[in-house]
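A short worksheet on the structure shown next.
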Amino acid sequence: MGKWLLVILASAVFLRIVGLNIVPPELFGDEIDVGYQAYSLLHTGRDLYRQILPTYIRSLSEPRAPLLMYATVPTIAAFGNTAWGVRIPSAVWGSLAPIILFLLVYQTTKSKPISFLSSLALAVMPWHIYYSRAAFEVVIMLDLIMLGTLLFLKKRFEFCVLNFALAMYTYSTAVLFVPLLILALVLISKKIPSVLSMSLFVILIAPLAYHIIFGFASSRFNNISLTNDPDEIQKMLTLRKQNPTLAGRIFTNQYESTLHRFWDNYMRSFSTEFLFVRGDPNSRQSIQVIGQLLPITFPFILVGLWWLISRKQWVWLFWLALAPIPASLTVGGGFHATRLFLMIPPLAVVIGAGIYQFKKPTLISIIFFLISIQLVWAGYYYWTYYPRVSQRWWQVGFKDAFVKLSEISPQYSRVFINNTYEPSLIRFLFWTNYPPKQFHRQFIVDQPQDNIVPNYNGFSLDGKYFFGNFNKSNWTEFLLPNSLYVISQRDNVAGNWDWRVSPPDNIQVLFTSTAWDDSPIFYLVTRK
C-alpha cells in the first residue's frame, strides 16, 4: 500500500504543480493581494495598513483571514513576486491532502482499500485540482480540518485544537464549520477534550473572535449574509405592502425569507447541476464544461452513500450534512465552490466507498479506465481552451502592462493608471515590486478625488502615480507632457479601434498588453 500512496502523491503533485505559471493564465486580484501582503510581511512585518504581525489582515478591498499570507512569505522570499511565489503554498498543501485523507479514512473505516480509493478520488477531483493551482485559502483550511479531525479521533486533543484553531484563521466558512464539527465528533465518539485543550482552543481563537465581533472583520460577514441582502429585503417589503394583513406578516417576514433561501442554497449544493453538469458559474472556480466532480463518479456516489449509511460511518455522514451550512447562510452560497469546499472530503470518501463495492478486479480496472478517459478529456480542455475563455475572470493583461511600466516609468515625471477596468493599485504594487515601506509612508486613501489633476479623477501615490480615469470624453486632447498613461481598450478607446495600427496623431503607443487572441487590453502611451 505504501508504494501506491507514493503513486497517488506523485500524481497529486503533478496535477497541481506543473505549469502553475501558465494555467490559470494570470494571478487574479485576490492572489495578487495574498502575494503583496506576504511581500509586505516579509520586508516590514506589517500588512498594507501597517498592522504589525496582524491576526486579521486589512486588504485594500476587504478584510481577510491571515494564515495563507503568512504561509506565502517563504515562497515570496524564494521566488519573488511571481505566480510561483504566490501559488506554490496552495499547490503543496493540495498535494498533501490525499495522504491526510487516507490516514483519516483508515482511522474511521479500518479499510485500506476504501482509504486508498478515497485518497485517489481526492487526488484526481477537478474541484480540488482547480483550487490547488491558485492561491485559495480553502486548500490549507481543508488540510488543517482533516488533520484536526484525525488527531481528535486519536485523542491527541492539544494538537487537534491547534489545527482546528489555525483552520479558523484561513477562511470564513471554517469559523462556523469547525465548532459544528467538534460538537459532532464529541457526540459520535463520546470523547470530550480536556479542559486544558479547550482552554488552549479558546485562547488561540480569541483574537479572531474579537475581530469578528468587534473589529473590522465583521463587515465581511455582514456583506455576504442572507439576512443583509438588500434585494431580498426590498422584495420582502414589497410583498408585505401588497398584503398588509396578519397572515401577510406571519408568512412574509425576514425569518421566513432567510429560512427559505437557506434551504434553497443547501439543496442546490447537492444538485447535479453544481456537482456534475456545470459547477460554479464563476469561471475562476469551474471550467464550466463539467461540474465540480467528474460526471462519471455520479453512480459511485449513490452506491457509496448506501455503504456509509449501512456501515454507520457517522463521521463522514455528519461531515457531509454539515459542510454546506456555512455557505448556505450566504448570498449565492448554493453554487459557490469556495464556500462549499468543505464538501470535498466526504464526497471523496463516498466515491471511494462506491467504487470499492465493485470488487472484481476487472470491473475496478474498467472503472479506472473510464475515470482516466474523462480526466484526460477535462485536462485537455483545461490546458487548451480554458485559459482563453476564462482570461477575463483571471484579469489577463495587468502583468505585462505593469512589468513594462516598471521598466519605463523612471523616464516620466507622472504616471496615470486606469483604475476602472479593475482596481489597479494592488496589481501595480505587486508587479512593480513597489517597496512596502515606501507604500506605508505614501498611501493615504484609495478613494477618487475629482480633478486631482485637471481633467482626471482619482487618487495619488507618491505624488507621481495617479489611479483613476479621465473625466472628459475628448481626453486625448488633455494629455500632459512628460507623462505616461496606462489606458484600457474597453474604457478609453472607441469601439474596436486598434491603436497599435493607427493611434491618434498626438499619441505615441509605447506598449500594448494583449489577450490570447492578440486583441489589445491595455496601452502604455504618452503625448507626442
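One line per residue, one yes/no per condition, for (1) modelled with pLDDT of 95 or more; (2) in contact with a Phe, Trp or Tyr (Cβ under 8 Å, 6 or more places away or on another chain); (3) under 27 Å from residue 204 (Cα atoms); (4) not assigned by TED's automatic domain parsing to the domain that holds residue 344:
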| position | (1), (2), (3), (4) |
| --- | --- |
| 26 | yes, yes, no, no |
| 31 | yes, no, yes, no |
| 44 | yes, no, yes, no |
| 54 | yes, no, yes, no |
| 58 | no, yes, yes, no |
| 62 | no, no, yes, no |
| 76 | yes, yes, yes, no |
| 85 | yes, yes, no, no |
| 90 | yes, yes, yes, no |
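Which ones in region 64-88 are touching a strand residue (DSSP E or B) at 6+ places or on another chain (Cβ under 7 Å) and among the charged types (D, E, K, R)?
Residue satisfying the conditions is 64 alone.
Residue by residue through region 475-528, note down the ones that are without any contact (Cβ under 8 Å) to a residue 40 or more places away in the chain, farther than 16 Å from residue 418 by Cβ and in a strand (DSSP E or B).
Result: 508, single match.
Any residue that is within 21 Å of residue 398 (Cβ to Cβ) and among the basic types (Lys, Arg) - is there at least one of those in region 458-469? First the steps, then the outcome.
Applying the first criterion (within 21 Å of residue 398 (Cβ to Cβ)) to region 458-469 yields 458-462, 464-469.
Now restrict to residues that are among the basic types (Lys, Arg): 464.
Yes, region 458-469 contains a residue that is within 21 Å of residue 398 (Cβ to Cβ) and among the basic types (Lys, Arg).
Are there any helices (runs of 4 or more DSSP H) wholly within region 348-438 with 2 or more residues that are out of contact with any strand residue (DSSP E or B) (no Cβ under 9 Å at 6 or more places or on another chain), among the hydroxyl-bearing types (Ser, Thr, Tyr) and at pLDDT 95 or above, and if so which?
Working: elements: 361-384, 386-389, 398-408, 425-431.
Output list reads 361-384.
Please find, within region 306-334, the residue that is farthest from residue 260 (Cα to Cα) out of those that are in contact with a Pro (Cβ under 6 Å, 6 or more places away or on another chain) and either at pLDDT below 95 or surrounded by 24 or more Cβ atoms within 10 Å (Cβ to Cβ) (or both). If you could, list the steps in order and put the result at the bottom.
The initial filter retains those residues of region 306-334 that are in contact with a Pro (Cβ under 6 Å, 6 or more places away or on another chain), namely 316, 319-320.
Subset that is either at pLDDT below 95 or surrounded by 24 or more Cβ atoms within 10 Å (Cβ to Cβ) (or both): 316, 319.
On the way: 316: 26, 319: 22 Å.
Result: 316.
Exactly one of (1) without any contact (Cβ under 8 Å) to a residue 24 or more places away in the chain; (2) surrounded by 14 or more Cβ atoms within 10 Å (Cβ to Cβ); (3) assigned by TED's automatic domain parsing to the domain that holds residue 516 is unmet by residue 410. Its number?
Result: residue 410 fails condition (2) only.
With the structure loaded, tell me whether residue 424 is within 26 Å of residue 80 (Cα to Cα), small (Gly, Ala, Ser) and without any contact (Cβ under 8 Å) to a residue 60 or more places away in the chain or whether it fails that test. Steps first, answer last, please.
Numbers: within 26 Å of residue 80 (Cα to Cα): yes; small (Gly, Ala, Ser): yes; without any contact (Cβ under 8 Å) to a residue 60 or more places away in the chain: no.
When the stated conditions are applied, residue 424 does not pass them.
Is at least one residue of region 63-76 closer than 23 Å to residue 446 by Cβ, of a type in the set (A, V, I, L, M, F, W, C) and free of Cβ contacts under 8 Å to residues at least 60 places away in the same chain?
So far as region 63-76 goes, yes, one or more of its residues are closer than 23 Å to residue 446 by Cβ, of a type in the set (A, V, I, L, M, F, W, C) and free of Cβ contacts under 8 Å to residues at least 60 places away in the same chain.
Let me confirm something: among 170, 245, 238, 227, which residue is assigned by TED's automatic domain parsing to the domain that holds residue 332 and under 27 Å from residue 68 (Cβ atoms)?
Details: 245 fails: under 27 Å from residue 68 (Cβ atoms); 238 fails: under 27 Å from residue 68 (Cβ atoms); 227 fails: under 27 Å from residue 68 (Cβ atoms).
Just one listed residue meets the conditions, 170.
Just to check your reading of the model, which residue among 501, 493 is of a type in the set (Val, Ile, Thr) and surrounded by fewer than 17 Cβ atoms within 10 Å (Cβ to Cβ)? Quick ask: steps written out before the conclusion?
Values: 493 fails: surrounded by fewer than 17 Cβ atoms within 10 Å (Cβ to Cβ).
That would be 501, the only listed residue that is of a type in the set (Val, Ile, Thr) and surrounded by fewer than 17 Cβ atoms within 10 Å (Cβ to Cβ).
Given region 206-299, what helices (runs of 4 or more DSSP H) lie entirely inside it while holding 2 or more residues that are surrounded by 14 or more Cβ atoms within 10 Å (Cβ to Cβ) and modelled with pLDDT under 85? Spell out the reasoning first.
On the way: elements: 218-224, 230-242, 246-251, 254-268.
The qualifying helices (runs of 4 or more DSSP H) are 218-224, 230-242, 254-268.
I need the full set of residues from region 1-40 which are more than 26 Å from residue 118 (Cα to Cα) and either touching an Asp or Glu at 6+ places or on another chain (Cβ under 7 Å) or of a type in the set (Lys, Arg) (or both), in order please.
Once the filter is applied, which keeps residues that are more than 26 Å from residue 118 (Cα to Cα) and either touching an Asp or Glu at 6+ places or on another chain (Cβ under 7 Å) or of a type in the set (Lys, Arg) (or both), region 1-40 yields 29, 37, 40.
Could you pull out every one of the helices (runs of 4 or more DSSP H) wholly within region 103-187 that has 2 or more residues that are touching a Ser or Thr at 6+ places or on another chain (Cβ under 6 Å)?
Values: elements: 112-123, 126-132, 137-153, 157-168.
Qualifying helices (runs of 4 or more DSSP H): 137-153, 157-168.
Residue-wise test of (1) touching a Gly at 6+ places or on another chain (Cβ under 6 Å); (2) over 27 Å from residue 484 (Cα atoms).
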{"site": "373", "(1), (2)": "no, yes"}
{"site": "380", "(1), (2)": "no, yes"}
{"site": "386", "(1), (2)": "no, yes"}
{"site": "392", "(1), (2)": "no, no"}
{"site": "396", "(1), (2)": "no, no"}
{"site": "402", "(1), (2)": "no, no"}
{"site": "416", "(1), (2)": "no, no"}
{"site": "419", "(1), (2)": "yes, no"}
{"site": "438", "(1), (2)": "no, no"}
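It is to be established whether one or more residues within region 138-150 are surrounded by 24 or more Cβ atoms within 10 Å (Cβ to Cβ), in the same structural domain as residue 168 (by TED's automatic domain parsing) and farther than 24 Å from residue 179 by Cβ.
no
Which residues, taken from region 345-390, are within 22 Å of the chain's Cα centre (by Cα), exposed (fewer than 15 other Cβ atoms within 10 Å of the Cβ) and of a type outside the set (Ser, Thr, Tyr)?
383, 388, 389
Answer yes if at least one residue in region 319-336 is part of a helix (DSSP H, G or I) and without any contact (Cβ under 8 Å) to a residue 60 or more places away in the chain, and no otherwise. Don't jump to the end; show me each part of the working.
To start, the set of residues in region 319-336 that are part of a helix (DSSP H, G or I) comprises 319-322, 325-328, 333-335.
Narrowing further to those that are without any contact (Cβ under 8 Å) to a residue 60 or more places away in the chain: 320-321.
Looking for residues that are part of a helix (DSSP H, G or I) and without any contact (Cβ under 8 Å) to a residue 60 or more places away in the chain, one finds at least one in region 319-336, hence yes.
Return yes when residue 55 is of a type in the set (Val, Ile, Thr), touching a helix residue (DSSP H, G or I) at 6+ places or on another chain (Cβ under 8 Å) and in a helix (DSSP H, G or I) and no when it is not.
Numbers: of a type in the set (Val, Ile, Thr): yes; touching a helix residue (DSSP H, G or I) at 6+ places or on another chain (Cβ under 8 Å): yes; in a helix (DSSP H, G or I): no.
So residue 55 does not fit the description; no.
The values are calculated or read from the model by the stated rules, or taken from the named source; none is laboratory data. Owing to the predicted nature of the structure, the values given are computational and were not obtained by experimental measurement. Please note: Cβ atoms are built from the backbone with ideal geometry, for glycine as well, and neighbour counts cover all protein chains shown.
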